[in-house]
Amino acid sequence: MSPTTLPTAIVTGSSRGIGAGIARQLAADGYPVVVNYAGRRAEAEAVVTYITENGGRAVAVQANVSQTADIARLFEEAEAAFGPVGIVVNNAGLAVRKAFAEFTEEDYDAVMETNLKGVFLMLREAARRLVNGGRIVNVSASFQGAPIPGYGPYAASKMAIEKLTEVAAVELGSREITVNAVRPGPTRTDLFMHGKSDELVQHFAKQAALGRIGEPEDVAHVVSFLASPKAAWVTGQIIGANGGYW
Ligand SMILES: NC(=O)c1ccc[n+]([C@@H]2O[C@H](COP(=O)([O-])OP(=O)(O)OC[C@H]3O[C@@H](n4cnc5c(N)ncnc54)[C@H](OP(=O)(O)O)[C@@H]3O)[C@@H](O)[C@H]2O)c1
């Protein structure tokens, strides 16, 4: 397939962090990429500039993934810019780290609206619009080891999207659309680094078999494979992209 015939890729939350790494990687793979963001337009435009200066195609589109109308517009703008959508990476997410006693309902709603409802709404729209043979990758998190205090609703939102992943894979299999999830471990982004001392970051790094925290590119390489034709026989899987961190 020549690069001009590759389908459009939407990466939610790709103005920063892991999503930006995924957008850069998919663009390097030849896909035209929609760089979605919530509010940080300048960061999203910087990712687009990086991609275009390196020979790729990209456009920034603001959309709140927890809003149905925004999701419809996101797909419409993606199709208008580059043609039918073939890859959706549901990466947008936020973390609120607080003990249960301090966790407000507003905190809970914010986490669930973006991390869980956002993925549900994107899956629903993708089920209606994705080309046959398309690829969906949901970004979960590594929460298989000892429970981490403060991450109750965040961990719950991620475990829930893994179940959405498995059911969507079964529903969309007849159209040869694959649906998988990746579990990053601690990764050097605003979300992970915020409020953590160097000592605490090192504590997390030592828990990975490979002895360091991840970089966005580490996760992007795994998503790149799952989005590729080579991953046509991989669906309904939950895959660690975490250097051996549980
Ligand atoms: N970093 C880690 O250690 C780690 C570990 C495991 C899993 N993850 C998961 O990886 C994903 C990316 O995390 P990250 O660390 O890269 O986070 P990040 O650096 O905080 O970036 C979050 C991205 O999501 C966007 N976003 C937030 N709410 C949104 C909404 N309602 N609609 C659309 N976009 C929204 C942000 O847009 P703006 O820039 O416009 O605000 C930004 O692009 C998340 O799902 C996270 O849970 C991260």
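The values are calculated or read from the model by the stated rules, or taken from the named source; none is laboratory data. For clarity, every value in this text was computed on a predicted model and none was experimentally measured. Reconstructed Cβ throughout: ideal geometry from the backbone, glycine too, with neighbour counts over all protein chains shown.
Among the residues of segment 144-154, which ones are touching a residue at least 12 places away in the same chain (Cβ under 8 Å), at negative phi and surrounded by fewer than 18 Cβ atoms within 10 Å (Cβ to Cβ)?
Listed by number, the residues that qualify are Gln144, Gly145, Pro149.
Taking Thr49 as the residue in question, decide whether it is surrounded by fewer than 22 Cβ atoms within 10 Å (Cβ to Cβ) and hydroxyl-bearing (Ser, Thr, Tyr).
On the way: surrounded by fewer than 22 Cβ atoms within 10 Å (Cβ to Cβ): yes; hydroxyl-bearing (Ser, Thr, Tyr): yes.
Yes, satisfied.
Go through segment 14-34 residue by residue and tally those that are surrounded by 20 or more Cβ atoms within 10 Å (Cβ to Cβ) and either under 16 Å from Glu217 (Cβ atoms) or charged (D, E, K, R) (or both). Before you say what the answer is, go through the steps one by one.
As a first pass, look at segment 14-34 and keep what is surrounded by 20 or more Cβ atoms within 10 Å (Cβ to Cβ): 14-15, 17-27, 31-34.
Among the residues that remain, those that are also either under 16 Å from Glu217 (Cβ atoms) or charged (D, E, K, R) (or both) are: 14, 17-27, 33.
Total meeting the criteria: 13.
Out of Leu116, Leu94, Leu74, which single residue is more than 28 Å from Phe204 (Cβ to Cβ), among the hydrophobic types (A, V, I, L, M, F, W, C) and within 12 Å of the ligand (Cβ to nearest atom)? It would help to see each step written out before you state the result.
Details: Leu116 fails: more than 28 Å from Phe204 (Cβ to Cβ); Leu94 fails: more than 28 Å from Phe204 (Cβ to Cβ).
Going through Leu116, Leu94, Leu74 in turn, the sole match is Leu74.
From the set of residues in segment 72-90 that are in contact (Cβ under 8 Å) with a residue 24 or more places away in the chain and acidic (Asp, Glu), which is surrounded by the fewest Cβ atoms within 10 Å (Cβ to Cβ)? It would help to see each step written out before you state the result.
Looking only at segment 72-90, we keep the residues that are in contact (Cβ under 8 Å) with a residue 24 or more places away in the chain, and these are 72, 74-75, 77-79, 81-90.
From the residues that got through so far, the ones that are acidic (Asp, Glu) too are 77, 79.
Numbers: Glu77: 18, Glu79: 15.
The residue in question is Glu79.
From the list Ala220, Ala168, Ala181, which one is farther than 19 Å from Ile18 by Cα and surrounded by 18 or more Cβ atoms within 10 Å (Cβ to Cβ)? Walk me through how you get there before you give the answer.
Details: Ala220 fails: farther than 19 Å from Ile18 by Cα; Ala181 fails: farther than 19 Å from Ile18 by Cα.
Every option except Ala168 fails the conditions.
Got a sec? Which of Ala101, Ala81 is within 22 Å of Tyr151 (Cβ to Cβ), modelled with pLDDT of 95 or more and more than 13 Å from the ligand (Cβ to nearest atom)? Full working, then the answer.
Values: Ala81 fails: within 22 Å of Tyr151 (Cβ to Cβ).
Residue meeting the stated conditions: Ala101.
Filtering segment 169-199 down to residues that are part of a helix (DSSP H, G or I), more than 8 Å from the ligand (Cβ to nearest atom) and in contact (Cβ under 8 Å) with a residue 12 or more places away in the chain, which residue is nearest to Ala127 (Cα to Cα)?
Looking at residues that are part of a helix (DSSP H, G or I), more than 8 Å from the ligand (Cβ to nearest atom) and in contact (Cβ under 8 Å) with a residue 12 or more places away in the chain, I get Leu172.
Which residue is surrounded by the most Cβ atoms within 10 Å (Cβ to Cβ), if the candidates are limited to segment 200-216 and must be within 12 Å of the ligand (Cβ to nearest atom) and not hydrophobic (A, V, I, L, M, F, W, C)? Give the derivation first.
At the first step, the residues of segment 200-216 found to be within 12 Å of the ligand (Cβ to nearest atom) are 201, 204-205, 208, 213-216.
If we keep only those that are not hydrophobic (A, V, I, L, M, F, W, C) as well, we get 214-216.
Values: Gly214: 24, Glu215: 15, Pro216: 22.
Among those that are within 12 Å of the ligand (Cβ to nearest atom) and not hydrophobic (A, V, I, L, M, F, W, C), it is Gly214.
Scan segment 4-45 for residues that are touching a Ser or Thr at 6+ places or on another chain (Cβ under 9 Å), more than 9 Å from the ligand (Cβ to nearest atom) and either among the polar types (S, T, N, Q) or not in a helix (DSSP H, G or I) (or both) and jot them down.
Gln25, Asp29, Gly30, Tyr31, Pro32, Val33, Val34
Just checking, does segment 186-193 include any residue being of a type outside the set (Asp, Glu), closer than 19 Å to Val119 by Cβ and in contact with a Lys or Arg (Cβ under 9 Å, 6 or more places away or on another chain)? Let's see the steps before the verdict.
Taking segment 186-193 first, the residues of a type outside the set (Asp, Glu) are 186-189, 191-193.
Cutting the leftovers down to closer than 19 Å to Val119 by Cβ gives us 187, 189, 191.
Within this subset, residues satisfying the condition of being in contact with a Lys or Arg (Cβ under 9 Å, 6 or more places away or on another chain) are 189, 191.
Yes, the conditions are met somewhere in segment 186-193.
Any chance you could count how many residues in segment 91-141 are outside any helix (DSSP H, G or I), surrounded by fewer than 23 Cβ atoms within 10 Å (Cβ to Cβ) and among the hydroxyl-bearing types (Ser, Thr, Tyr)?
Of the residues in that region, 1 qualify.
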